[in-house]
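The values are calculated or read from the model by the stated rules, or taken from the named source; none is laboratory data. Predicted model only: the values in this text are computed from it and were never measured. When we count neighbours, we look across all protein chains shown, and the Cβ atoms used for this are built from the backbone with ideal geometry, even at glycine.
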Amino acid sequence: MKRTALLLCLAIGALLALAAEEGGHGGGGHGEAAKAGAPGTNVEMPFLMAPVTDEAGKLTGYAYISTRLTATSAGAVLAVRDKIPFIQDAFVRDVNAGQVTGEKTPDAVDIPALEARLLADARKVMGKDQVKTITVCTVQMSPLKSNSPQARTSAEAADSHGQAAAPEKPRCG
């Protein structure tokens, strides 16, 4: 009797684990689960601090960016985790070499363009068959603190105390 009850509990546990694996992240929808990747394939990357400049090339602030890398398989995750320092180095070089904001929106990060650039960087380090996607999870814009009236008026994301605006809603759930 005890053996049957134990086997029944193990079978129920296995079915629940299988259902959770197929269902994604708690009913978030098929699109969200597909973008997130299969369980065990996501790697949270260290934060990036990207400089933001104006049209004249003068530093106006920083964008603090969190990203998630999705590997092509659970086996590829181990290789990705071993290479995180090299991937992060490529990311840092990229965001410091080029602007992360859009041409028409100099105070907001161009997320689709940044994701494409970071994906190319990760694939250079890991190979195309190891990395599926890069997702920008959160972006927080932080203008430089300055006493000049021009800097205060151009920092639309800052409140009256010069603090950075609240971060956007996370895209990585």
remark   = Reported set for region 73-128 where residues are within 19 Å of GLY61 (Cα to Cα) and part of a helix (DSSP H, G or I) is PHE91, VAL92, ARG93, ASP94, VAL95, ASN96, ALA97, ILE111, LEU114
Criterion: out of contact with any helix residue (DSSP H, G or I) (no Cβ under 8 Å at 6 or more places or on another chain), of a type in the set (A, V, I, L, M, F, W, C), crowded, with 17+ Cβ neighbours inside 10 Å and touching a residue at least 40 places away in the same chain (Cβ under 8 Å) - qualifying residue of VAL77, VAL100, VAL52 = VAL52
query = How many residues does region 42-60 contain that are charged (D, E, K, R) and within 18 Å of ARG171 (Cα to Cα)?
reply = 1
request  = Check region 88-103 and report whether any residue there is at pLDDT below 95 and of a type in the set (Lys, Arg).
outcome  = no
